[in-house]
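Every number here is computed from the coordinates shown, using simple stated rules; none is lab data. Everything quoted here is computed from the prediction, not taken from an experiment. Neighbour counts run over all protein chains shown; Cβ positions are idealised from the backbone, glycine included.
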């Protein structure tokens, strides 16, 4: 089974990203430093920052439209997901290494695997973003669950931004596989399953 990313997954990752930009000063400062080329206006990092911002905006935009994604849009959204997953894997791996905490190791491992799969498929020009549209009901339910996860992990447990984002990426990328399984069990048909 070739891993694929539904537009709702990209949307949920983008929403998690926006939450952290709004509520975590350290994350916001790091992202601004990255976008501005580490204050040196390095063209390479500025270009990466613009790709990330473009992918972020498109991930939110496409979940509310029925328009097909162009190759460039899929490219930007793919690199946004890859960049976010790679950065959080590195940050969380460093955090766990320093704290020597083996708990919750599944999240950075999942992010690393997703990053590798995305990179290999994008390098082979096999875009893994599906053109299937999510229904408004699916978007609302997935958003409510994501907000519950964000509030629980960020506000009640006080996870670091890296652990919170890693947890949200895990949820966002597995929901497409979990929902069809749940739907089969209860016998309801919702058009969210990947090909």
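Between residue 95 and residue 151, what FRET efficiency comes out of the Förster formula 1/(1 + (r/R0)^6) with R0 = 22 Å and r the beta carbon distance, rounded to 0.05?
Values: r = 21 Å, r/R0 = 0.96.
Computed FRET efficiency for residue 151 and residue 95 comes out at 0.55.
Which order do 72, 113, 169, 87 fall in if you start with the one that has the fewest other Cβ atoms within 10 Å? Intermediate results must be reported in sequence, preceding the final value.
Working: 72 10, 113 14, 169 26, 87 19.
Least crowded to most crowded, the residues run 72, 113, 87, 169.
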**Prompt:** Which whole number of Å³ per residue matches the convex hull of the alpha-carbon atoms in region 1-92?
**Reply:** 112 Å³
**Prompt:** Going by how many other beta carbons lie within 10 Å of each one, how would you line up 7, 132, fewest first?
**Reply:** 132, 7
